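Take a look at the structure set out below.
Coordinate-derived values only; no laboratory data. Every value quoted in this text rests on a predicted model; they were computed, and no experiment measured them. Heads up, the Cβs are rebuilt from the backbone with ideal geometry, glycines too, and the neighbour counts pull from every protein chain shown.
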Amino acid sequence: MVKPVRRRRFGRRKVCKFCVDKIDMVDYKDVKRLRTFISERGKVIPRRISGSCARHQRQLTTALKRARNVALIPFVAE
């Protein structure tokens, strides 16, 4: 029986956009920046896909929730 060959992927390591721009706190009023972290359906893009660090991902989720409550960003896509 032939064993299936597994291929390893060595891609580039994603860097946090907030760390690159030296942003210490994610602002909920910065809608232009927050929209890049939301999918077409209105969901928050996970850390492994967005490439943001754990600290900024936590700040990002709270900023998105605040922006939704103040009606800057819709809860779901139309």
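Ordering 14-22, 52-60 by mean Cβ neighbour count within 10 Å, with the highest value first, yields 52-60, 14-22.
Taking a sphere under 12 Å around the Cβ of residue 49 and counting the other residues whose Cβ falls inside, with K and R at +1 and D and E at -1, yields a net charge of +4.
From the largest down, the chain spans 60, 33, 17 angstrom on the principal axes of its Cα atoms. 3J(HN,Hα) along the stretch 16-30, derived from phi through the Karplus expression 6.51 cos²θ - 1.76 cosθ + 1.60 where θ = phi - 60°, amounts to 6, 5, 6, 5, 5, 7, 6, 9, 8, 10, 7, 9, 6, 7, 7 Hz, with x in place of Gly and Pro.
For the stretch 60-71, backbone phi angles converted through the Karplus equation (6.51, -1.76, 1.60; θ = phi - 60°) give residue-by-residue couplings of 5, 5, 5, 5, 5, 5, 5, 5, 5, 5, 8, 6 Hz, Gly and Pro being listed as x.
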